[in-house]
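Trainee: Here it is, the structure in full.
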Amino acid sequence: MQRLSPQGRKVIGAAGLLAGVGAGCALVWGGYEVPADLLAPTLVLEVAVGWSFVTVGLVAWTRRPDSRTGALMVVLGFAWFARFAVAVAVRPAFVIGVLLSSVYLSVLVHLLATFPGGRVQNRAERVVVTVGYLLSAPLDAVFLLLGAQRGLGEGPPPGGLVIAARSGAFTPSGVDLAVQAVVVALFLSLLAIVFTRWRTAGPAQRRSLTPGVLGGAVIVGTILVERTAILLLIPPSVGVVFAWSAQVVLVVWPVALLLGLLRSQLDRSAVGRLIVELGAGLPVPERLRSVLARTLHDPTLELAYWLPERRAFVDASGVPVAVEANGGRGLTRLERDGEPIAVLVHDPVLSAEPELVAAVAAGAGMAVQNERLHAEVRSQLREVRASRARIVEAADGARRRVERDLHDGAQQRLVTVALALRLARTQLGSASRAEIGALLDEAGAELAGALEELRELARGIYPVLLTDAGLGPALTSLAERSPVPAVVGDVPARRWPDAVERTCYFVVSEALANAAKHAGAGQVVIDVRADGGGLCVQVADDGRGGAEAAGSGLRGLADRVAALGGELSVHSPRGGGTRVIATVPCG
Amino acid sequence: MIVADDAALFRAGIGRLLADAGFDVTAEVGDAAALLDAVERDPPDAVVVDIRMPPTRTTEGLDAARSLAERHPDVGVLVLSAYVEPHYAMQLVESGTSGTGYLLKERVADPGELTDAVRRVAAGGVVIDPGVVARLVGRARARNPLDALSEREREVLAMMAEGRSNQAICERLFLSPKTVEAYVHNVFTKLDLHQAADTNRRVLAVLAYLRA
């Protein structure tokens, strides 16, 4: 809705005032006889309802220009007064009065069905709103033209201007009943729409919906009973009571609607309290979130902090969280100096009040920044803990492998040697020299095998060549033993700190093993170069790719590299080979 | 006899050794399942089984011994192992009714050691490797009740733990049956142990005592 200018507000306000006065005049001097005892209360109530809608509607329109509800309230007020045309005892006025007699109800349906935004948002709402409008002026026009208008213009018109006029002998026709049935169905659907909206709303949204929806439901409910009374042939005198109460509610309802619309604006005072609350006590991870949730009246509110280093959002305890505008949740990004620091995930209704959220965010700015730093530390701590656990795990795994290799390899071979020697010994007397020779050969072969296995094992546990001769010779030796053809480029001849050389060696060793075991590679190229003060090692194979950087072997390498403050990256597109790059700083 | 070991060379060697010693080796198999099948087809007097075999290469031999004790209590089971672990030996003795043994693989190099063990197991006796017993006897204890024993008594205790009968102890230590009985009686009194009904239960009692 467009913003209401002060000028426009004045004009509309004056028009409303005049319309009210006009309606009163029509009622008193219109020409029809109104029972004296009913005149005063009717007059007061009717005019009060109209003025209430027009004035409160103007306030709402001014304060919440983004919602159409205020405008709808103003229209409802005028439609309310327009009914009084029928009270003027001239034919044109009668026609106009009849045509406009129930337009206010259509507007009411429109308002309630689309509260608080004032805009039709789905099919069900559109159908209800459209039917609501069709049932008023258009239907009345049809009745007028066909001469089937209820009451046929004699005596007080039936539009319900004066409630008591309904009393007396009124026999509803079939057409009347059908129309009323449609009206009842319409109101029931309206109640269903409103109730569903209220039920599915988050707590913050509910807060703004409740007063308006509750009042609306009471009004619609009383109208329903009134209509059903006619439909079910209940004496109209009973319906009169309901109609009166509906009007009383109608006077107050606009205020309830306004309350709902302005609820969050009233909450701005809460920002002050927020700052006071944040100032008190030490920050704990959950506190900032709960204080914000309380201030914004959204218990489901979540805070995610941006870690620029990891380019990811984490919660207060440092656990990574996915932040997306899904599930109908609203997102508000908090920034500082153009850099994101956090994001608020909240009830979508708060998205309609960016100023409030922004005010709260600004109030909590320092606390959020502080909490973000805490979250960053916690996140790093988690990562370090996880990495430490993985390193221990890896060490245990390595020990297990060594035990297995020893037991199934060298130890088994030595036992077989012992057995062969033993057999040779027992057969010294009986068997031929050739048989004993075969046994001794067997023993010799097993011993050689055991020696070879022990040598491989020892080298796998720790590459002595690395300490003795440096990275170049050690990598060349690795390449020579690799089952996949491997080429080592020029390795700078200088020496680096032990830990750096070891880490680079194991990166190459693991990458070579992966290339042989998983990649089905035809060739591997190893490249080492000095990178600033550190080393950069790259191992590229031409295998099938698709290696998981989170796989245990590569993960362990990443931990190893990270322990020295370096970085390991793995590029392994499916079918495009695997490239493992480790950058290790020195010192 | 049936021999079960996944290392083919070693298995064949054991088979030959047993055959040379006059045993009739009816089958040589590579894993526990094949062993159970072979026993089912033609129950032997005893089986020699490697503790660690496929598929998991952990303690398949012990599991096989347990199954055999349930289904064929008359078949003696000698488990060969590379581990000097009293825990495994105890498990074995506890699972079997009789005729069980736990022997270190390297004993195959000692003339008579393997064949003696197989014979005893086949006859329903219990065999615990001397290395395992030595580990138990020799372990450090805060308050060592074994200190109360004389050297000879400790020797007798170890032999009992290895599963040897009084008669076997006589032969080993070149002592008279009376003397051995006196030593055994002394050991049990000094350690406050009850005399067990038979040699096998004596092994359990002594092992349990040593482990406690």
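The values are calculated or read from the model by the stated rules, or taken from the named source; none is laboratory data. The shown structure was predicted, so the numbers you read here are calculated from the model rather than taken from an experiment. Backbone-built Cβ (ideal geometry, glycine too); neighbour counts: all protein chains shown. SASA here: full protein model, heavy atoms, side chains in, ligands and nucleic acids out. Shrake-Rupley method; radii C 1.70, N 1.55, O 1.52, S 1.80 Å.
Trainee: If I model a spin label as a point 7 Å beyond the Cα along the Cα-Cβ vector, how far apart are those points for B:Asp116 and B:Ala208 in nm?
Mentor: Roughly 2.8 nm, to one decimal.
Trainee: Using +1 at the Cβ of each Lys and Arg and -1 at the Cβ of each Asp and Glu in the stretch A:381-519, identify which of A:Ala448, A:Thr426, A:Val464 lies farthest towards the dipole's positive end.
Mentor: Positive-end residue among those listed: A:Val464.
Trainee: Sticking with this structure for a sec: Roughly what % antiparallel, to the nearest 5, for the DSSP beta bridges in the protein assembly as shown?
Mentor: Bridges in the protein assembly as shown are about 60 percent antiparallel.
Trainee: Let me ask another. With θ taken as phi - 60° and the coefficients 6.51, -1.76 and 1.60, list the Karplus ³J(HN,Hα) couplings across the stretch A:373-385 in order, rounded to whole Hz; mark glycine and proline as x.
Mentor: 3J(HN,Hα) across the stretch A:373-385, in whole Hz: 5, 4, 4, 5, 5, 4, 4, 5, 4, 4, 4, 5, 4.
Trainee: Can you check what the net charge comes to around A:Glu277, using other residues whose Cβ is under 12 Å from the Cβ of A:Glu277 (Lys, Arg +1; Asp, Glu -1)? The partial results should precede the final answer.
Mentor: Numbers: positive: A:Arg273, A:Arg287, A:Arg294; negative: none.
Surrounding charge for A:Glu277 is +3.
Trainee: Could you tell me the center-to-center distance, by alpha carbons, between the stretch B:117-141 and the stretch B:83-112 in angstrom?
Mentor: One Cα centre to the other: 6 Å.
Trainee: May I pose another question? Is the stretch A:61-152 best put as rounded, prolate or oblate by its Cα gyration tensor, with a ≥ b ≥ c the root eigenvalues, rounded for a/c under 1.5, and otherwise prolate when a/b is larger than b/c, oblate when not? List each step's numbers first, then the result.
Mentor: Working: a/c = 4.36, a/b = 1.70, b/c = 2.56.
Here the stretch A:61-152 falls in the oblate category.
Trainee: For all pairs of alpha-carbon atoms in the stretch B:140-211, what percent lies in each bin of width 10 Å, listed from the first bin to the last filled one?
Mentor: Going from the shortest bin to the longest, the percentages are 21, 59, 19, 1.
Trainee: What does the accessible area per residue of the protein assembly as shown come to in Å², with a 1.4 Å probe and no ligands, DNA or RNA counted? Mind dumping the intermediate values first?
Mentor: Numbers: 38110 Å² over 799 residues.
Ligands and nucleic acids excluded, the figure is 48 Å² per residue.
Trainee: Sticking with this structure for a sec: If every alpha-carbon in the stretch A:351-482 counts as one equal scatterer, what log10 I(q)/I(0) does Debye give at q = 0.21 1/Å?
Mentor: Log-scaled intensity ratios, in q order: -1.15.
Trainee: What translational D, rounded to a whole number of µm²/s, comes out for the protein assembly as shown from Stokes-Einstein when the hydrodynamic radius is the Kirkwood one over Cα pairs, at 37 °C and 0.692 mPa s?
Mentor: Numbers: Rh = 36.9 Å.
Calculated translational D: 89 µm²/s.
Trainee: Gain in length, A:Ala395 to A:Asn370, computed as 0.36 nm per residue apart minus the alpha-carbon separation, to one decimal in nm?
Mentor: 5.2 nm
Trainee: If I take every Cα pair under 8 Å that is 6 or more residues apart in chain A, average their sequence separation and divide by the length, what percent do I get for the relative contact order?
Mentor: Working: 839 pairs, mean separation 42.5, N = 587.
That works out to 7 percent.
Trainee: Against the globular-protein guess of 2.2 N^0.38 Å, express the Cα radius of gyration of the stretch B:1-92 as a ratio, rounded to two decimals.
Mentor: Working: Rg = 12.2 Å, N = 92, 2.2 N^0.38 = 12.3 Å.
Dividing the Cα radius of gyration by 2.2 N^0.38 Å gives 0.99.
Trainee: Follow-up. Once Lys and Arg get +1 and Asp and Glu get -1 on their Cβ, which of B:Gly99, B:Phe174, B:Ile14 lies farthest toward the positive end of the dipole of chain B?
Mentor: Toward the positive end, the furthest listed residue is B:Phe174.
Trainee: Same structure again: For B:Lys105, list the aspartates and glutamates whose Cα falls under 12 Å from its own Cα; do not include residues on the same chain fewer than 8 positions away.
Mentor: B:Asp5, B:Asp50, B:Glu113, B:Asp129
Trainee: Let me ask something additional. Please enumerate, by chain and number, the lysines with C-alpha under 29 Å from the C-alpha of A:Lys10, excluding those fewer than 8 residues away in the same chain.
Mentor: none
Trainee: Another question about this same structure. How would you classify the stretch A:278-374 from its alpha-carbon gyration tensor, with a ≥ b ≥ c the square roots of the eigenvalues: rounded for a/c under 1.5, else prolate if a/b is greater than b/c, otherwise oblate? Walk me through the intermediate numbers first.
Mentor: Numbers: a/c = 1.37, a/b = 1.08, b/c = 1.27.
Taking the square roots of the gyration eigenvalues as a ≥ b ≥ c, the stretch A:278-374 is rounded.
Trainee: log₁₀ I(q)/I(0) of the stretch B:169-212 at q = 0.14, 0.16, 0.21, 0.29 Å⁻¹, via Debye over equal Cα point scatterers, no solvent, to two decimals?
Mentor: Taking Cα atoms of the stretch B:169-212 as identical point scatterers yields -0.35, -0.45, -0.75, -1.09.
Trainee: Let me ask you something else. Please say if the stretch A:468-584 is rounded, prolate or oblate, where rounded means a/c under 1.5 for a ≥ b ≥ c the square roots of the C-alpha gyration tensor eigenvalues, and otherwise the choice is prolate for a/b larger than b/c and oblate otherwise? Write down the numbers at each step before the final one.
Mentor: Values: a/c = 1.89, a/b = 1.29, b/c = 1.47.
Note, shape of the stretch A:468-584 comes out oblate.
Trainee: Given a cut-off of 28 Å, what percent of all Cα-Cα pairs of chain B lie beyond it? Present the calculation step by step, with values, prior to reporting the outcome.
Mentor: On the way: 6115 of 22366 pairs.
For chain B, the share of Cα pairs beyond 28 Å comes to 27 percent.
Trainee: Grab the other residues whose beta carbon is less than 14 angstrom from that of A:Val103, score K and R as +1, D and E as -1, and report the net. Please list the in-between numbers first.
Mentor: Values: positive: A:Arg83; negative: A:Asp140.
Cβ neighbours under 14 Å give a net charge of 0.
Trainee: Calculate log10 I(q)/I(0) of the stretch A:427-499 for q = 0.16, 0.27 Å⁻¹, where I(q) comes from the Debye formula with a single equal point scatterer on each Cα and nothing for solvent.
Mentor: -0.71, -1.19
Trainee: Using a Förster radius of 51 Å, what is the FRET efficiency between A:Ala36 and A:Ala124 based on their Cβ-Cβ separation? Nearest 0.05, please. All intermediate terms of the calculation are to be shown ahead of the outcome.
Mentor: Values: r = 46 Å, r/R0 = 0.91.
In this case the efficiency is close to 0.65.
Trainee: So what's the gap between the Cα centers of the stretch A:535-582 and the stretch A:1-25, to the nearest angstrom?
Mentor: 74
Trainee: Continuing with the same structure: Between A:Val90 and A:Val276, what is the FRET efficiency for a Förster distance of 56 Å, r being their Cβ-Cβ separation, to the nearest 0.05?
Mentor: Details: r = 65 Å, r/R0 = 1.16.
That gives a FRET efficiency of 0.30.
Trainee: Trypsin sites (Lys or Arg not before Pro), restricted to the stretch A:549-587: which are DSSP loop and have at most 10 other Cβ atoms within 10 Å? Display every interim value, and only then the final one.
Mentor: Working: sites: A:Arg555, A:Arg560, A:Arg574, A:Arg579; in loops: A:Arg574.
Answer by residue number: A:Arg574.
Trainee: With a 10 Å cut-off between alpha carbons and a GNM built on chain B, which of B:Ser81, B:Ser150, B:Ser165 moves the most?
Mentor: Sorting by GNM fluctuation, first place goes to B:Ser150.
Trainee: In a shell of Cβ-Cβ distance under 11 Å around B:Arg135, excluding B:Arg135 itself, what net charge do Lys and Arg (+1) and Asp and Glu (-1) give? All intermediate terms of the calculation are to be shown ahead of the outcome.
Mentor: Values: positive: B:Arg139, B:Arg211; negative: B:Glu85, B:Asp129.
Residues close to B:Arg135 contribute a combined charge of 0.
Trainee: Can I ask one more? Identify, among A:Thr200, A:Ala141, A:Leu414, the residue whose Cα sits farthest towards the positive end of the charge dipole of chain A, taking +1 on the Cβ of Lys and Arg and -1 on the Cβ of Asp and Glu, with the dipole about the Cα centre.
Mentor: A:Ala141
Trainee: So, one more: What total accessible area, in Å², is buried where chains A and B meet, using a 1.4 Å probe and rounding to the nearest 100? Please list the in-between numbers first.
Mentor: Values: alone 29690 and 10110 Å², together 38110 Å².
Approximately 1700 Å² gets buried when A meets B.
Trainee: Need the full-extension length gain, A:Leu381 to A:Ala181, defined as separation in residues times 0.36 nm minus the C-alpha distance. One decimal, nm.
Mentor: Working: separation 200, 0.36 × 200 = 72.00 nm, distance 6.77 nm.
Length difference between fully extended and current span is 65.2 nm.
Trainee: Sequence-distant or interchain residues sharing an amide H contact under 5 Å with A:Val88, placed H: which?
Mentor: Amide H neighbours of A:Val88: none.
Trainee: Identify which of B:Ala38, B:Ala148, B:Ala134 has the largest mean-square fluctuation in a Gaussian network model of chain B, with springs joining Cα atoms closer than 10 Å.
Mentor: B:Ala148
Trainee: Taking amide hydrogens as modeled 1.01 Å from N in the peptide plane, which residues meet the under 5 Å criterion relative to B:Val49, leaving out close sequence neighbours?
Mentor: Here the answer is B:Ala4, B:Leu78, B:Val79, B:Leu80, since their amide H atoms fall under 5 Å of that of B:Val49.
Trainee: Just want to confirm a number: the relative contact order over the stretch A:278-374, from Cα pairs under 8 angstrom separated by 6+ residues, in percent. The partial results should precede the final answer.
Mentor: Numbers: 136 pairs, mean separation 27.1, N = 97.
Reported relative contact order: 28 percent.
Trainee: What is the dipole size for the stretch A:360-422, taken about its Cα centre, with +1 at each Lys and Arg Cβ and -1 at each Asp and Glu Cβ, in debye to the nearest 20? Could you put the intermediate results ahead of the total?
Mentor: Details: 12 positive and 8 negative charges, 48 e Å.
That gives the stretch A:360-422 a dipole magnitude of about 220 debye.
Trainee: With charges set only on the Cβ (+1 for Lys and Arg, -1 for Asp and Glu), what does the dipole of the protein assembly as shown come to about its Cα centre, in debye to the nearest 20? Intermediate values should be presented prior to the final figure.
Mentor: Details: 80 positive and 82 negative charges, 691 e Å.
With only Lys, Arg, Asp and Glu charged at Cβ, the dipole is about 3320 debye.
Trainee: Which distance in Å, rounded to a whole number, links the C-alpha centroids of the stretch A:71-87 and the stretch A:476-525?
Mentor: So the separation of the two Cα centres works out to 87 Å.
Trainee: Short version: which residues of the stretch B:103-130 lose at least 30 Å² of accessible area, all chains versus chain alone, 1.4 Å probe?
Mentor: Residues of the stretch B:103-130 that lose at least 30 Å² of accessible area once the other chains are added: B:Lys105, B:Val108, B:Ala109.
Trainee: List the relative contact order of chain B as a percent without decimals, with contacts defined as Cα pairs under 8 Å and 6+ residues apart.
Mentor: Values: 336 pairs, mean separation 30.5, N = 212.
Relative CO of chain B lands at 14 percent.
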